[in-house]
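Take a look at the structure set out below.
Computed from the coordinates by the stated procedures, all read-outs in this text should not be read as laboratory data. Keep in mind that this is a model prediction, so the values were computed, not measured. Methodologically, a virtual Cβ is constructed for each residue, glycine included, from the backbone with ideal geometry; neighbour enumeration extends over all protein chains shown.
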Amino acid sequence: MGFAVRNNVDLTSANTLRLPVHAQYYCEVYVDEEIAEAIAYAEARDLSLTILGDGSNVVLPPRIEGLTLHMRSQAITQEENLITAASGVNWHSLVMRLCEDGLCGLENLAGIPGSVGAAPVQNIGAYGVQVEETIVSVGVYDRLDGCTRVLSRDDCCFGYRDSIFKGAHRDRLIVTRVSFALSDHFEPITSYRDLQGADVTTPLSMATLVTRVRKGKLPDPTTTPNVGSFFKNPVLSESTYTAFRLTHPEAPEGVTSDAGTKIHAAWLIEQCGLKGHRVGGAMVSSQHALVIVNAGKATYRDIRLLAAHVQDVVSDRFNLSLEFEPTFYGN
Ligand code: EPU
């Protein structure tokens, strides 16, 4: 056995909300063979399995029953502009390294907390770019038949903060590596309001700017524990958006795509006076209304109650439902 299973492991520092969490059994895996061995270990003992990356988009219960598998693989390979990175690679480090090499396509996604393996799961996006645009394939371990396989971008069914890995196959497919097709021709994407007029000539200067903008707007998870946007921006049909604008002409303009018009959940939440609202140690960030922070000793229950309260208040006031962006574990 190439991996060690430990009992009753404290994962408080392994989730960026810093919720107090213990895993019944825990192991770190570095290569595909270890993933297969760890899964066989869990199945032989009838243990449920939880896959953990950098813990930056999950809300974990106080105790995770079964085996928690922490993806630690660090391999990165390059064939011309095709980059393949293992799940355990830190996302921001990968982006900065590729930008330093002059490779383009991921620069607007700099500064997003998390691991490479988590990037396709919620199709991370920021500043006018979604990761699906550069992904060519995703390597997975399929628990159904114990085989590794490669999924094409189409197989991944990407949507706004969504993919096959979040939905029906959440417990079946484990992301082991992600391949990106990058370009050596820099075309800055500055459509997003905060980047308009930016004078950037290289992917590295764009990544540096994006990192600075993010730091200025969003609470830093290393000092103020959080999981980034807690709510997705609602996507409205043309008629619903028209009606919304008529009733709320003061709302910031939405962003229209094929799927509909995305309106700003942060604005809805702020209008409800919820910034700074607390349940126990959980608080709606007073810096950015989309973010729920652990303001000190927050529990899983505090986070759940506060998130549900925000949904209820926004629904009562605007008749719109907000969806959670992070994945909740436990009941
Ligand atoms: N606003 C408020 N109150 C606030 C913050 C914002 O009213 O406290 C309003 C402002 O009018 C602002 C608008 O909401 O113009 C939009 O806010 P922002 O520009 O910060 O972007 P966002 O749409 O809220 C999305 C992503 C972020 C991503 C940024 C930048 C979602 C759910 N969130 O936020 O993603 O960084 O755009 O591209 O799509 C994440 O996924 O964790 C994340 C941080």
Worksheet item: Roughly speaking, what is the stretch gain from Asp142 to Leu305, that is 0.36 nm per residue apart minus the C-alpha to C-alpha distance, in nm to one decimal?
Response: 55.2 nm
Worksheet item: Over the stretch 219-328, what relative contact order in percent results from Cα pairs under 8 Å that are six or more residues apart?
Response: 31 percent
Item to complete: Return the distance in nm (one decimal) between the two label points of a simple spin-label model at Thr223 and Arg172, each offset 7 Å from Cα along Cα→Cβ.
Response: 4.5 nm
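With Cβ to Cβ distances under 14 Å as the rule, what net charge do the other residues near Pro20 carry (K, R +1; D, E -1)? Intermediate results must be reported in sequence, preceding the final value.
Details: positive: Arg18, Arg63, Lys297, Arg301; negative: Asp10, Asp302.
Residues close to Pro20 contribute a combined charge of +2.
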Worksheet item: Per Stokes-Einstein, at 20 °C and 1.002 mPa s, what whole-number D in µm² s⁻¹ belongs to the chain, with the Kirkwood radius over Cα pairs as the hydrodynamic radius?
Response: 103 µm²/s
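Compute the relative contact order of the chain as a whole-number percentage, counting only Cα pairs closer than 8 Å that sit 6 or more residues apart in sequence.
16 percent
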Item to complete: Quickly work out the Glu323-to-Glu33 label distance, labels modelled 7 Å from Cα along the C-beta direction, and quote it in nm with one decimal.
Response: 4.1 nm
Worksheet item: Between the stretch 260-331 and the stretch 128-205, what's the alpha-carbon centroid distance in Å?
Response: 26 Å
Worksheet item: Say a paramagnetic label sat at a point 7 Å from the Cα of Gln78, along Cα to Cβ; which residues of the stretch 119-148 have their backbone N under 19 Å from it?
Response: 134-137
Discussion item. Can you give me the Rg/Rh ratio for the stretch 198-331, using Cα atoms for both radii and the Kirkwood formula for Rh?
Written reply: 1.01
Worksheet item: Where the Cα atoms of the stretch 6-71 are projected onto their three principal axes, how long is each span, largest first, in whole Å?
Response: 30, 22, 17
Practice prompt. Would you mind counting up the charge near Arg245? Only other residues with Cβ under 13 Å from its Cβ, with Lys and Arg at +1 and Asp and Glu at -1.
Written response: -3
Worksheet item: Kirkwood Rh, the stretch 76-214, all Cα pairs: how many Å?
Response: 15.2 Å
Worksheet entry | For the stretch 76-214: relative contact order, % (alpha-carbon pairs under 8 angstrom, 6 or more apart) | 33 percent
Fill in: FRET efficiency for Ser191 and Ser286, using Cβ-Cβ distance with R0 set to 22 Å, rounded to 0.05
0.20
Worksheet item: So, in the chain, how many Lys pairs have Cα atoms under 22 Å apart, if the pair is 8 or more places apart or on different chains?
Response: 11
Practice prompt. Send over the Kirkwood Rh of the stretch 250-327, from the inverse of the averaged 1/r over different Cα pairs, rounded to one decimal Å.
Written response: 13.1 Å
